[in-house]
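For reference, the structure is listed below as structure tokens.
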Amino acid sequence: MTKYPVLRLKPGKEKSLERRHPWVFSGALTEEIRKTEEGTIVEINDINGRYLGTGYVQHGSIAVRIISFEKRDIDTLFWKDTIGKAFQLRQRLGYTDSATTNCYRLMHGEGDGVPGLIIDYYAGTAVIQCHTSGIYLHLDTIAEALKSVLGKELKAIYDKSKETLHGAVSEAQNGLIWGEAADGLVMENGFKFHVDWVSGQKTGFFLDQRDNRALLGRYSKSKSVLNTFAYTGGFSVYALANGALKVDSVDVSKNAIETLRKNMELNSNGAQNFESYAEDTFQFFKRDNTLYDIVILDPPAFAKNISARHNAIMGYKRLNMEGMKKVSPGGLLFTFSCSQVVDAETFQQTVYSAALESGRDVKILHRLTQPADHPVSIYHPEGEYLKGLVLYVD
Ligand code: SAH
């Protein structure tokens, strides 16, 4: 067994790891974390030398992220086991051999036991996003493990870590690290989508809204639908293909809107009852006073960290107030927040404040979250980042 450096916790600070929560805060350690190089694999012991977990060092308030609660080497076998387990879960859930969906999240950070690692699978191409330099150091081993776990299903591996590393590894460049570039055409619940992992946002597509898009589909027949923060048209496609009367989509990104148009055409069966606007949502609300039967609000995370939380809450309130105004009496509002620091209760409170000010009669019909390929470790409830409400707005 490899002898990893040992870091000890101050007395009483072992509780969190005993509860299998994977984060060690810098203030819990007996030593200054900056003495240990970023990315170093370390073992965490309590003050009496009892082993608690193995993780990697990151210079910041979360100083160590645990990737194993068992003493073991972090080697090829570790990555094969860990990615293998995640793959097995997706197999059991039916994602890996579905006739209608060929894209899913394979590794979801803490939810799959590896904080800092995201892998999305798009019809043969695995897109890896490392959020920490500690994970980035293992990229080659992770790629080898992926090939071994997925076998011939896997045609290419693309590394999309540059943006999520926030400059922590200056030489990091996005690019194909194995296999042949594919055209990025995927299928979700039988609908076709272009996914552009090279210049698109995140890994190219928002797989986390799959189930919620299907729910929207159920309510869309003969309805007018406004999809704001539409990105490449996930919700718009489901609405259109399920018989919506018309579908309008708004996104500030021109690139996203271009792909959205292609995606709509791919699934429209020649229908022309859709429009798209490359525009700021608030601008659109100001200049357009059409009411819609269904309005979708799926903004990017307004708060990326706890210090931005208050402003984010104010942002969600304003957005939801404006959004409710666009819903015709007896219509639906699909409203989301993907800010990890705004929990479900706070989000509902915020939407409640918006409803109260709008003076409308509002009922909660559904509480939504992320799908099963974005699992939440019960020991790390913060992993439940996506929150949604479907509201009846009279
Ligand atoms: N609902 C989408 C994902 C939305 S991601 C899906 O199902 O795929 C958030 C999107 O909001 C991004 O595409 C981003 O370009 C867009 N965006 C960010 N700020 C915006 C703004 N002020 N107005 C409109 N769109 C915005």
Report summary line: Of (1) part of a loop (DSSP other than H, G, I, E, B); (2) more than 25 Å from residue 151 (Cα to Cα); (3) within 14 Å of the ligand (Cβ to nearest atom); (4) open to solvent by 20 Å² or more (accessible area, probe 1.4 Å), residue 196 fails just (2)
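I need a count of the residues in region 340-389 that are polar (S, T, N, Q), outside any helix (DSSP H, G or I) and open to solvent by 80 Å² or more (accessible area, probe 1.4 Å). Don't jump to the end; show me each part of the working.
Just the residues of region 340-389 that are polar (S, T, N, Q), to begin with: 340, 346, 348-350, 353, 358, 369-370, 377.
Okay, now just the ones that are also outside any helix (DSSP H, G or I), so 340, 369-370, 377.
If we keep only those that are open to solvent by 80 Å² or more (accessible area, probe 1.4 Å) as well, we get 340.
Number satisfying all stated conditions: 1.
If you go through region 211-229 one residue at a time, how many are part of a helix (DSSP H, G or I) and either more than 10 Å from the ligand (Cβ to nearest atom) or of a type in the set (Phe, Trp, Tyr) (or both)?
Total meeting the criteria: 6.
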Requested in this report: Determine if region 206-226 includes at least one residue that is of a type in the set (Lys, Arg), within 30 Å of residue 60 (Cα to Cα) and open to solvent by less than 70 Å² (accessible area, probe 1.4 Å).
Outcome: no
Query raised in the report: So how many residues does region 291-317 have that are within 14 Å of the ligand (Cβ to nearest atom), in contact (Cβ under 8 Å) with a residue 24 or more places away in the chain, open to solvent by 10 Å² or more (accessible area, probe 1.4 Å) and of a type outside the set (A, V, I, L, M, F, W, C)?
Result: 3
Query raised in the report: Pairs, please: C-beta under 7 Å, at least 6 apart or cross-chain, first residue small (Gly, Ala, Ser) and in region 32-45, second in a helix (DSSP H, G or I) and crowded, with 16+ Cβ neighbours inside 10 Å?
Result: 39/133; 39/134
Query raised in the report: Looking only at region 2-31, which residues are among the basic types (Lys, Arg), under 29 Å from residue 76 (Cβ atoms) and in contact (Cβ under 8 Å) with a residue 60 or more places away in the chain?
Result: 20
Requested in this report: Please name all residue pairs, on different chains or six or more residues apart, with Cβ atoms under 8 Å, provided the first residue is in region 181-207 and is more than 25 Å from residue 301 (Cα to Cα) and polar (S, T, N, Q) and the second residue is within 10 Å of the ligand (Cβ to nearest atom) and not in a strand (DSSP E or B).
Outcome: 189/210; 189/213; 189/238
Requested in this report: Consider only pairs whose beta carbons are under 8 Å apart and that are at least six residues apart or on different chains; among these, list those whose first residue lies in region 261-278 and is closer than 9 Å to residue 240 by Cα and whose second residue is in a loop (DSSP other than H, G, I, E, B).
Outcome: 264/233; 273/244; 273/245; 274/268
Query - So residue 274, is it among the hydrophobic types (A, V, I, L, M, F, W, C) and within 14 Å of the ligand (Cβ to nearest atom) - result: no
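Listed here are the residues, each with its yes/no results for (1) closer than 30 Å to residue 214 by Cα; (2) part of a strand (DSSP E or B); (3) not small (Gly, Ala, Ser).
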{"position": "39", "(1), (2), (3)": "no, no, no"}
{"position": "73", "(1), (2), (3)": "no, no, yes"}
{"position": "80", "(1), (2), (3)": "no, no, yes"}
{"position": "90", "(1), (2), (3)": "yes, no, yes"}
{"position": "118", "(1), (2), (3)": "yes, yes, yes"}
{"position": "121", "(1), (2), (3)": "yes, yes, yes"}
Query raised in the report: Considering region 92-109 alone, what residues qualify as being in a helix (DSSP H, G or I) and open to solvent by 40 Å² or more (accessible area, probe 1.4 Å)?
Result: 92, 93
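The values are calculated or read from the model by the stated rules, or taken from the named source; none is laboratory data. Computed from a predicted structure; not experimentally measured. Quick reminder, even Gly has a Cβ in these numbers, built from the backbone with ideal geometry, and neighbours come from all protein chains shown. Calculation scope for accessible area: heavy atoms of the full protein, side chains included, ligands and nucleic acids excluded. Shrake-Rupley method; radii C 1.70, N 1.55, O 1.52, S 1.80 Å.
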